[in-house]
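Just below is one structure, and these are the notes that go with it.
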Amino acid sequence: MRYTSNQCFLNATYNKKNAYRNLNLKIVIGSLGLNDWFEFGGKEWTIGEWKKARKGKCSWDAHCWLEDNDGNVYDYCFNDYLWVSRIRLLTIGNLTEGVIEKVSKEDCAKRGLTYIPAPIAVQKVICLDFKLEGINIG
């Protein structure tokens, strides 16, 4: 597995093609909340808000993770996320650093991680922007 902080798109594509290649996982792009503070994306962003938050060429205010057919999350909670939560909210709540593997979105939320997929149209635009060809979105 590959998990490098601030490289979620690379982490997800690498892990899909390598560590989890036999699990038929899909790439999902969207928002990630840390104890209800949305560090990546926004809780209820519209397509317009996603496009407005684009940060120059090939840079988006978004997070990327893997999901199985049941919607379980495959990702990593970095120590950086705990730091952000501590700074923004003065607490880390239930956040813990480590691998998230086959965890339901409900259980992720109990750990302080809220995963919200962006609309499929936005995910496709971001994939094209990052030249993530051959990735099965949605």
Just need the relative contact order of the chain here, percent rounded to a whole number, with Cα pairs under 8 Å and 6+ apart. 29
So, by mean Cβ neighbours within 10 angstrom, what's the order for 95-105, 70-80, 27-37, 7-17 with the highest one leading? 27-37, 7-17, 70-80, 95-105
Please give every one of the lysines within straight-line cross-link reach of LYS52, meaning a C-alpha to C-alpha distance under 18 Å, and leave out same-chain neighbours fewer than 8 residues apart. LYS43, LYS124
Just the Cα atoms of the chain: what Rg and Dmax do they give in Å? 14.1, 41
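Values in this text are rule-based calculations from the coordinates and carry no lab data. From a predicted model like this one, the values you see are computed outputs, not experimental measurements. Note that we place each Cβ from the backbone using ideal geometry, even for glycine, and neighbour counts take in every protein chain shown.
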